[in-house]
Structures are given as structure tokens and as C-alpha cells.
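Please treat every number below as a calculation from the coordinates, not as lab data. Keep in mind the model is a prediction, meaning the values are calculated, not measured. Every residue, glycine among them, receives a Cβ derived from its backbone with ideal geometry; neighbour counts consider all protein chains shown.
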Amino acid sequence: MIRLTLPDGRTGEYSEGITPAELLMQSSARREQYVAAMLDNQIIDLSRPLNRALLEELGSADRVPHLRWLTVQDREALDVLRHSAAHMMARAILRLYPGAKLAFGPATETGFYYDIDVRPAIREEDFPRIEAEMQSLIERAEPFERIELPTAEARALCADLGQTYKVEHIDDQLARYPRVSFYRQGEFLDLCRGPHVPHAGYIRAFKLLSIAGAYWKNDASRPQLQRLYGTAFFRKEDLEAFLQQLEEAKKRDHRILGRQLGIFTLSPMVGSGLVLWLPKGATIRYTLESFIREELLKRGYQPVYTPHIGRLELYRTSGHFPYYRDAQYPPLFLHPLGQTIDTWAEALSQGKLSQDQEKAFLELARSWGLDLHGYNQAGSSSEKLQVLQSWLEEQEAYLVKPMNCPHHIQIYKSELRSYRDLPIRLAEFGTVYRYEQTGELAGMTRVRGFTQDDAHLFVTPEQVEAEMVSNLELVLYVLKSVGLTDYRVRVGLRDPVSTKYVGKEENWNRAQAILLDIVKQLGMPYSAEVGEAAFYGPKIDFVVRDCLGREWQLGTVQLDYNLPERFELEYVGKDNQRHRPIMIHRAPFGSFERFCGILIEHFAGAFPLWLAPEQARVLPVSDKFHDYARQVEARLRGHGFRVTSDLRPQKIGAKIRDAQLEKIPYMLIVGEREQQTEGVALRDRIDGDLGLHPLSAVIERLAREVQEKTIRQVAKSALVFSDRGTRFES
RNA sequence: GCUGCUGUAGCUCAGCUGGUAGAGCACGUCCUUGGUAAGGACGAGGUCAUGGGUUCGAAUCCCAUCAGCAGCUCCA
């Protein structure tokens with residue numbers, strides 16, 4: 001017998017092997033609404049026999065577990081449905097493309113996917129066939145049958161089926177389990193943990209959405225599979241609504257709004273990922289810059305300016321050049337062969353230099369009269385590399401800067417610092433360039449040239465905590481000022497296994513302990529993530545989602561014991577001895593480009609008054625009132641407002657419509673009445689016509705709204721993303 | 001970088017299986033002087049992303065390059 005507590009709160013004894021479905025029959029519920037069951041926190045099939053083995057497997061053996069049923073209303077049930085839909089897609093593909101190999105096929109926040117190795121490659125034009133096959137399978141409403149096998153047998157079965165990825169998965173991940181499960185439906189058998197809906201007929205609405213490449217086990221060095229995305233719902237109208245929401249979300253996309261509202265543009269002639277800020281966008285940025293600049297002065301920062309390029313040596317020392325070489329624009333060598341020798345050395349170091357190439361390089365070097373002392377005498381390629389590298393290191397070369405810190409470090413080093421001077425906080429809106437992979441570029445959110453609201457703090461060990469806290473508070477203040485409340489905090493930690501990190505372990509441990517301590521102290525919900533640290537230190541990132549649910553890092557605060565060592569930074573302590581300062585890197589916005597992109601989506605282009613590039617527009621009813629309109633405009637401009645007048649020979653309705661579509665916060669309509677009373681008819685972007693007001697009252701009203709940085713509306717995300725992690729994989 | 005898709009006027013898009021381009025908006029000129037989301041007429045605008053190829057003939061088919069989109073990988 002097993003004991004269970006049912007949703008009504010009563011605990012009862014039931015015979016071993018009874019299923020949730022059977023228990024449901026004993027109640028009076030209508031069965032077809034039910035999709036799966038939840039045993040404590042685990043979702044299981046309705047047909048799963050409840051027995052001791054299961055309870056032990058779920059870790060519920062030593063208490064009386066709660067059982068409840070999931071209906072089509074439950075979010076978790078939707079995940080189950082979508083996972084089942086992924087199976088149906090896989091089954092359909094296997095029927096249409098015999099020999100296709102399956103990898104993983106989980107539910108996602110908005111649907112499902114399945115990673116498949118299939119030849120010839122599936123194309124989007126194949127979707128109708130696949131969907132038709134799925135539909136006909138779904139109409140058969142065949143049950144999903146769970147089968148458990150000893151792991152060795154399961155492996156053999158997968159091997160028999162030619163499912164080599166499943167075999168590899170068993171070897172990698174599942175070998176430690178005595179038994180694993182499959183789900184069978186008709187001829188289709190798939191290694192899968194489940195759970196599934198009772199039968200395929202539950203899938204009443206589905207659609208294949210897109211196709212993409214995805215590496216096996218998320219590893220770029222492994223084969224690339226085809227990932228087919230789709231979504232599924234219990235009801236057709238939910239699918240329709242979802243597709244509608246997707247369309248709505250796209251309208252909020254900063255790339256669309258950025259064009260429509262004249263905020264930014266990109267030009268292939270300038271280069272991809274290089275943002276051109278249009279006047280409206282530049283005004284937003286200028287306002288943000290002024291805002292943060294004022295905060296920095298209040299908080300004891302000192303402004304600095306540094307050049308856009310620096311000696312390569314600087315970035316060799318900092319480690320940025322060697323670590324991020326392929327994500328940078330190539331170094332600029334003054335010697336005409338610099339780039340060539342550099343390419344040569346790179347090929348050599350990667351073992352990719354052919355004999356022909358080597359010959360050609362040598363020939364070139366000789367014809368330019370270059371004396372590569374001893375290259376020909378060098379026996380091994382590491383000796384050859386040595387020769388090339390020592391030549392390269394002697395060359396004058398520059399790097400467009402990928403980071404501001406090395407420059408700021410040189411400012412720190414420009415004089416001998418006393419502990420009395422610390423903390424030193426050097427701030428600069430520093431523009432940096434990184435050669436991001438083409439596939440990563442996206443509007444303003446991922447670009448190749450961007451300006452960070454950067455600063456570097458040089459502090460004593462005693463000051464670390466207070467400075468970290470005050471910077472986190474600054475980030476929170478910035479986010480609050482624009483009403484960005486939907487963010488998550490990520491504490492990026494070192495991955496001890498990875499080799500990408502520099503510095504001593506004890507420093508890392510100390511830095512990480514401080515960060516974790518601070519976020520706990522501040523009571524911020526956070527997730528600590530291994531492998532998310534910068535190469536020189538751990539960091540705290542503020543991450544937001546864009547209109548399509550993708551995550552972007554905005555503000556960041558980073559603790560760094562390593563660059564001070566690499567650059568041998570010092571200050572003189574109270575004891576008259578030399579000590580090493582600690583650095584804090586931080587950027588509350590992150591970059592103006594990304595922040596602005598996110599803001600566009602956050603406000604759906606309708607910026608609050610303090611940020612709006614055009615805050616008010618004067619709309620004369622006819623050209624008889626142009627003079628008065630100009631007067632009103634001048635008054636407002638005199639009070640510091642960004643204002644224009646619409647003097648086109650258009651009817652007032654058309655002028656209003658245009659101003660509305662441009663999302664201008666206030667329209668000031670002027671005609672006979674207004675001219676006589678020195679007033680304006682105020683029209684609000686949100687509330688519409690507010691009637692006649694004295695101009696002075698309007699100025700006061702707008703001034704207050706700017707002063708208080710009032711946020712009257714932000715965009716509601718059309719797409720609903722689940723925040724729970726209920727996912728199943730096949 | 002990888003997989004798949006896309007690229008026609010400033011913008012949004014139409015142009016069937018190859019026969020040398022079209023709409024709306026925006027823009028310009030003129031008319032209209034209008035009171036809270038589109039007044040009217042006329043006009044100008046495209047070597048159909050770029051470069052090759054196939055063909056009597058290419059926006060349309062093929063290849064390459066560039067750029068963009070979705071995803072993967074990466075992100076100091």
C-alpha cells in the first residue's frame with residue numbers, strides 16, 4: 001500500500017501501482033480536461049503506476065506525497081503538451097526522412113524544438129509536408145506508452161534504431177542510472193524521460209515556426225544539427241493569440257521603432273554593427289549622458305578622456321589582446337609587413353601553416369629586406385614562432401581599443417598615489433570596438449562599436465565593499481529612473497575547470513566571496529553562475545529581456561585583483577610601504593547603444609517626457625496663427641524644452657495624427673482662442689485633449705514632469721514567458 | 001563563425017512557371033485656411049543589394065560577395 005495526500009487535503013491508502021488516472025476516475029472529475037499529474041513537485045504521466053520505486057525515485061519515499069492533477073489550464077500542462085508535440089514532429093520527420101537521427105527535443109518557454117541530424121537538410125518549404133504528417137498522426141490519437149528498460153538494454157536498443165546521439169547521451173549522462181525510459185507511439189520509439197499527454201489527440205493546435213542550426217550538446221566543436229522550432233496549444237484560439245502576440249512584439253522591436261522614430265540607422269557603407277545615432281537618438285543619449293554625469297559628480301567621480309586607440313603592448317599587458325584576439329579588429333602595424341607577419345605567426349601557432357605558404361611568406365619577407373634573425377636556422381615551429389613574435393613585439397602597432405581599463409590604468413599610474421587619494425574613481429564615456437561575430441550583430445543591442453558609461457575605481461582592500469555597494473546602488477538607481485523593474489541579477493563566477501581566467505586562486509576566492517556577500521546583504525534575488533566571470537574577475541550583471549524574450553546584459557559591476565597586478569599598480573600606505581590597489585570596473589548602463597535599444601522596447605518608443613527627443617509640438621490650427629505658434633515655441637524653448645512647430649499647410653487632425661504616431665508627449669494646439677488668452681489647448685499623448693490652459697501653467701506642468709522623471713507608461717510585454725523551469729527532454 | 005531564410009523607390013510591400021517594373025505612405029509644387037488621429041490635384045523617385053554566369057532575353061534561374069532576419073556558438 002502507498003499513502004498519498006490528495007488535492008482535497010485528505011490522506012488515504014491506496015494499492016501499489018494505482019495510476020493517477022485511476023484515482024481520478026474515483027473522483028467525479030471530467031477526465032478529458034486532465035493532462036498529467038503532479039506528485040509533490042514532479043510531473044508524471046496520468047498512466048504512471050504509483051509505487052514505492054517511483055516514490056523513491058522522486059525522493060518522496062520518506063513522507064506522504066501530495067498528488068494533484070494538472071488540467072489544460074495549468075502552465076506545466078502546456079509544457080507537457082509541447083514536449084509531446086516535439087515527439088510528434090520527430091515521429092513525422094522519421095517517417096518522411098528515414099534514417100534521421102534524433103538528439104534532444106524539449107519544451108521551451110513558448111513552444112518546443114527538436115534537434116535532428118537529417119539529410120538532406122530540411123528547409124522551411126518542407127514545413128507543410130511535415131505539418132500534414134503530424135496532423136494525420138495526431139488525428140489517430142494514439143497513446144504515449146512508457147517503457148522502462150535496464151540501461152544496457154536501452155543502449156543496445158538505441159544502437160539498433162541507429163540513434164547514435166541517443167547512444168552517446170546514454171554513455172555520457174545516463175550510464176549511472178540502472179534503468180531509463182522510452183516512450184512508444186505506434187512505430188515510433190524515443191528515449192525520453194517524459195512525461196507526456198495521455199494521447200496525441202490532446203494536441204489540438206500546433207505550428208512549425210523556424211529552423212536553425214544547433215550544435216550537439218551546445219558545443220561548437222561538435223556536429224551541427226538542425227533545430228526545428230514549433231509551438232503547440234490545447235486550443236486553436238490560443239495558437240492564434242500567440243501568433244498575434246508575436247506580431248505585436250515585433251512592432252515593439254527597437255530596430256523597427258528605431259527606424260520609424262528616427263533614432264538610429266545602420267549603413268553597410270559604414271560597416272555592420274556600427275551605429276549611426278540620428279538626431280532624435282542622439283538627443284536621448286545626450287539626456288542619458290547628462291543624467292549619469294550629474295550622478296557621477298555627486299558620487300565623487302573624476303572625468304577623464306582617453307584616445308580611441310592604444311599601443312598593442314598595452315593590450316598585451318592587460319591580456320585583452322591575447323584573450324580576445326579574434327573578437328577584435330586586427331592590430332594596426334606601422335610596418336607595411338606587420339599584418340602579414342602577424343598572420344604568418346598566427347597560422348604557425350595554430351599549426352595551420354602550409355609549406356607553400358611558409359615559402360611565400362619567407363619570399364615576401366626577403367624581397368622587402370626583412371631580416372628575420374634566425375627563422376631559417378630555427379628547428380621547431382615554436383622556435384620559428386619565437387622569431388616572428390620577437391619581431392612583432394619590436395614593431396610599433398596599435399589596437400582600436402576594445403576596453404577602456406588599460407588607458408585608465410595609465411592615468412592612475414601617471415603619478416604616485418597615496419592611500420589618502422583612494423578611492424580614485426575615473427569616469428569616461430569610452431567608445432570601444434570589438435569585432436563581434438557576424439551572427440551576433442543585432443540592431444543597437446549587439447554592435448561592434450559602442451560607448452560604455454565606464455569608470456574604474458582604484459581602492460584599498462578596506463574600501464572594496466563600500467565601493468561595490470555604492471556602485472550596485474547606482475545601477476539600481478539608474479534602472480529605477482527609467483522604470484526598468486523586470487531584470488535579473490547574475491553573479492558571474494569563475495569556472496575552475498576553464499583555462500580562460502587569469503590570476504591567483506586566492507584572489508578569485510576572495511573576490512567571489514565579497515560579491516556573494518554583498519548581494520545577500522542587499523537582499524537582491526540573484527543567480528550565481530559559474531563560467532560567467534570576466535577573465536580578470538567576478539562580476540555582478542543586470543540582465544533584461546527584449547521584446548522577443550532574449551536576454552541582454554546592461555549594467556555591470558566587476559571586481560578585479562588581476563589587472564592591478566599585471567600593471568603593477570601601487571599606492572603608498574599609512575605604513576609608508578607600497579601596496580597594491582584593487583580595481584572595480586563598472587558601467588551602470590552598460591553601453592549607451594544597448595541601453596537605448598532596450599529603452600526603445602521598454603517604452604515601445606513612447607519615451608517619458610524627460611527622455612523624449614521631442615517633448616512638445618506646437619500645432620497651429622491654420623497659418624493665421626503661425627506667429628503665435630512661433631512665440632509659444634520660443635517660450636518653451638526658453639525654458640529648456642525640446643519643442644518644434646508644425647507649420648505645414650495641413651488640417652489640424654493630420655498634424656495631431658502625425659505627432660501622435662511620432663509619440664510626442666504633448667501637443668500644444670493654438671488658434672484664435674489660445675492667441676487671445678495667451679494659452680494653448682493641451683493635448684496629451686496618452687489622455688488626449690486636456691482643453692485650454694494658460695501657457696505658463698503648461699510650462700510649469702511640463703517642468704515638473706521632467707524634474708520628477710515621471711514615467712506614465714511602459715510597454716507591456718505581449719508575449720508571456722514562463723519563469724518556471726519545468727522542461728522535459730527527449 | 002555555423003545552419004536556415006531574406007534583399008524590388010526614403011519606408012511598407014505587389015510583381016504567377018524568365019519577355020527589360022507597380023501601389024500606398026513619405027517627398028516636391030500648387031489649390032484648400034481647416035479646432036483634436038489622414039483635405040485635394042499634379043509631379044519627381046528604381047542600372048530590382050553588388051559582381052559574375054546560364055539564356056536570343058534575367059528583378060525572376062545558378063555561383064560568389066555584401067547586408068539583414070531567426071537560432072546555435074561567442075560576449076572583456
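Give, in nm to one decimal, the length gained when the segment between A:N218 and A:K500 is fully stretched (0.36 nm per residue of separation minus the Cα-Cα distance).
Working: separation 282, 0.36 × 282 = 101.52 nm, distance 1.84 nm.
Separation in residues times 0.36 nm, less the Cα-Cα distance, equals 99.7 nm.
Could you give the length gained on full extension between A:Q437 and A:S290, defined as 0.36 nm per residue of separation minus the Cα-Cα distance, in nm?
Result: 49.7 nm gained on full extension.
Considering only DSSP states other than H, G, I, E and B, which GluC sites (Glu not before Pro) in the stretch A:397-459 qualify as loop sites with at most 10 other Cβ atoms within 10 Å? Mind dumping the intermediate values first?
Values: sites: A:E415, A:E428, A:E436, A:E440; in loops: A:E415, A:E436.
Passing sites in the stretch A:397-459 are A:E415.
Sorted from largest down, give the three principal axis spans of the alpha carbons of the stretch A:564-681, whole angstrom values.
Each principal axis gives a Cα extent; for the stretch A:564-681 these are 78, 29, 17 Å.
Label 7 Å along Cα→Cβ of A:E168; the stretch A:75-89 residues with amide nitrogen under 12 Å?
Of the residues in the stretch A:75-89, none has backbone N under 12 Å from the label point off A:E168.
Using just the alpha carbons, could you tell me how many Å³ per residue the convex hull of the stretch A:264-383 encloses?
On the way: hull volume 21.2 nm³, N = 120.
Spread over its residues, the Cα hull of the stretch A:264-383 gives 176 Å³ apiece.
Can I get the semi-axes of the stretch A:392-435's equivalent ellipsoid? Compute them from the C-alpha gyration tensor as square roots of 5 times the eigenvalues, in angstrom, largest first.
Each semi-axis is √(5λ); the values are 26, 16, 6 Å.
Whole-Hz ³J(HN,Hα) for each residue in the stretch A:572-582, computed from phi via Karplus 6.51 cos²θ - 1.76 cosθ + 1.60 with θ = phi - 60°, x for glycine and proline: what do you get?
With the stated coefficients, the stretch A:572-582 comes to 8, x, 4, 7, 6, 9, 7, 10, 9, x, 10 Hz.
Within the stretch A:551-629, which GluC sites (Glu not before Pro) sit in a loop by DSSP and count at most 12 neighbouring Cβ atoms inside 10 Å?
Sites meeting the loop and neighbour criteria: A:E568.
Of the listed peptides A:625-634, A:375-384, what is their order by residue-averaged count of other C-beta atoms within 10 Å, with the highest listed first?
On the way: A:625-634: 18.6, A:375-384: 12.6.
Highest to lowest by the protection proxy: A:625-634, A:375-384.
Whole-Hz ³J(HN,Hα) for each residue in the stretch A:709-717, computed from phi via Karplus 6.51 cos²θ - 1.76 cosθ + 1.60 with θ = phi - 60°, x for glycine and proline: what do you get?
Each residue of the stretch A:709-717 in turn: 6, 4, 10, 9, 7, 10, 6, 8, 5 Hz.
What are the residues whose amide H is under 5 Å from the amide H of A:A36, where those residues sit 5 or more places off or on another chain and H is modelled from the backbone?
Those qualifying (amide H under 5 Å, at least 5 residues apart or on another chain) are A:L70.
Return the aspartates and glutamates within reach of A:K500: Cα separation strictly under 12 angstrom, same-chain partners fewer than 8 residues apart disregarded; answer none if there are no such residues.
Cross-link targets: A:E532.
May I ask you to order A:107-117, A:152-162 by the average number of other C-beta atoms within 10 Å around their residues, highest value first?
A:107-117, A:152-162
Cross-link candidates for A:K359: which lysines have Cα within less than 22 Å, leaving aside residues fewer than 8 places away along the same chain?
Straight-line reach from A:K359, under 22 Å: A:K384.
Tabulate in residue order the Karplus-calculated ³J(HN,Hα) for the stretch A:74-80, using 6.51 cos²θ - 1.76 cosθ + 1.60 with θ = phi - 60°, rounded to whole Hz; enter x for Gly and Pro.
Calculated HN-Hα couplings, in order: 7, 4, 4, 5, 5, 4, 4 Hz.
Which value does Rg/Rh take for chain A over its C-alpha atoms, Rh per Kirkwood?
In chain A, Rg relative to Rh is 1.03.
Over chain A, what is the mean sequence separation of C-alpha contacts under 8 Å (at least six apart), divided by residue count, expressed as relative contact order in percent?
11 percent
What is the pair-distance distribution P(r) of the stretch A:222-299, computed from all Cα-Cα distances in 10 Å bins starting at 0, with each bin given as a whole percent?
P(r) for the stretch A:222-299, in whole percents per bin: 14, 23, 23, 23, 14, 2.
By how many nm would the segment from A:L364 to A:L548 lengthen if fully extended, with 0.36 nm per residue of separation less the alpha-carbon distance?
Extending this stretch completely gives an extra 61.1 nm.
Once you've got the Cα coordinates, tell me which of A:K250/A:K655; A:K655/A:K709; A:K251/A:K480; A:K217/A:K539; A:K401/A:K709 are over 29 Å apart.
A:K401/A:K709
How about the stretch A:647-724: which trypsin sites (Lys or Arg not before Pro) there are in a DSSP loop, with at most 13 other Cβ atoms within 10 Å of their Cβ?
A:K651, A:K716, A:R724
In the stretch A:192-222, which residues have a backbone nitrogen under 12 Å from the label point lying 7 Å from A:L243's Cα in the Cα-to-Cβ direction?
A:205-209
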